[in-house]
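Trainee: Just passing along the structure, written as structure tokens.
The values are calculated or read from the model by the stated rules, or taken from the named source; none is laboratory data. Since we're looking at a predicted model, the values are computed, not measured. Glycine also receives a Cβ, built like all others from the backbone with ideal geometry; neighbour counts cover every protein chain displayed.
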Amino acid sequence: MSKEKPTILEKEIIILTQSQNKLIASGWGQEVLDNTIGEKIFYKSDGLRVRGYISSPIDKSKKYPCVIWNRGGIGNKGVIDSFTARGIFGQLASWGYVVFATQYRGNDGGDG
């Protein structure tokens with residue numbers, strides 16, 4: 001088993017269309033858009049670049065508990081997309097959590 005610490009290699013803020021943002025507000029609440037940030041990331045694990053997501057409250061003045069989201073599915077079935085990440089993970093972040101979610105290796109542009 002590798003002793004390598006996972007390292008975030010890239011971060012990109014999730015930007016949705018205006019209509020997607022309206023759906024987020026109506027489905028998960030306006031506070032998701034106003035009070036949280038969602039980011040797509042690549043992190044390094046066992047020498048591979050793996051795609052994931054991080055959502056957190058905008059207020060960085062305190063520490064928050066972390067939720068690790070393990071997706072289900074096989075291969076591309078169950079892949080997390082930016083809209084779902086911004087909505088579901090943003091709602092959890094609006095409740096005061098940091099959410100870390102990962103794709104499977106080899107999905108969504110990741111190695112493996």
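Trainee: Step by step: first the residues of the stretch 57-78, then only those that are among the hydrophobic types (A, V, I, L, M, F, W, C) and assigned to a loop (DSSP other than H, G, I, E, B), then the one that is farthest from T102 (Cα to Cα). Which residue is that?
Mentor: Step one: list which residues in the stretch 57-78 are among the hydrophobic types (A, V, I, L, M, F, W, C), which gives 58, 66-69, 74.
Filter once more, so that each one left must be assigned to a loop (DSSP other than H, G, I, E, B): 58, 74.
Working: I58: 21, I74: 14 Å.
Going through the qualifying residues, I end up with I58.
Trainee: Scanning for something under 16 Å from K40 (Cα atoms), in contact with a Leu (Cβ under 9 Å, 6 or more places away or on another chain) and either modelled with pLDDT under 95 or of a type outside the set (A, V, I, L, M, F, W, C) (or both), does the stretch 91-102 turn up at least one residue?
Mentor: No; the residues of the stretch 91-102 include none that is under 16 Å from K40 (Cα atoms), in contact with a Leu (Cβ under 9 Å, 6 or more places away or on another chain) and either modelled with pLDDT under 95 or of a type outside the set (A, V, I, L, M, F, W, C) (or both).
For every residue, the table says whether it meets (1) among the hydrophobic types (A, V, I, L, M, F, W, C); (2) in contact with a strand residue (DSSP E or B) (Cβ under 8 Å, 6 or more places away or on another chain); (3) over 18 Å from Q103 (Cβ atoms).
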residue	(1), (2), (3)
T7	no, yes, no
S19	no, no, yes
A25	yes, no, yes
G52	no, yes, no
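Trainee: When I8 is evaluated against the numbered criteria (1) outside any strand (DSSP E or B); (2) exposed (fewer than 15 other Cβ atoms within 10 Å of the Cβ); (3) within 17 Å of the chain's Cα centre (by Cα); (4) modelled with pLDDT under 90, which criterion, by number, is the only one it fails?
Mentor: (1)
Trainee: Which of the residues belonging to the stretch 36-50 are more than 16 Å from the chain's Cα centre (by Cα) and either of a type in the set (S, T, Y) or under 11 Å from V98 (Cβ atoms) (or both)? Steps first, answer last, please.
Mentor: Step one: list which residues in the stretch 36-50 are more than 16 Å from the chain's Cα centre (by Cα), which gives 45-48.
Within the stretch 36-50, just S45 meets the criteria.
Trainee: Going by the structure shown, is S55 exposed (fewer than 14 other Cβ atoms within 10 Å of the Cβ) and either modelled with pLDDT of 95 or more or polar (S, T, N, Q) (or both)?
Mentor: Values: exposed (fewer than 14 other Cβ atoms within 10 Å of the Cβ): no; either modelled with pLDDT of 95 or more or polar (S, T, N, Q) (or both): yes.
The answer is no for S55.
Trainee: Taking the stretch 26-42 as the search range and keeping residues that are touching a residue at least 40 places away in the same chain (Cβ under 8 Å) and in a strand (DSSP E or B), which one is farthest from T84 (Cα to Cα)?
Mentor: Filtering the stretch 26-42 for residues touching a residue at least 40 places away in the same chain (Cβ under 8 Å) gives 27-29, 31-33, 35-38, 40, 42.
Remaining after also requiring in a strand (DSSP E or B): 36-38, 40, 42.
Numbers: T36: 14, I37: 13, G38: 11, K40: 12, F42: 17 Å.
Taking the candidates together, the pick is F42.
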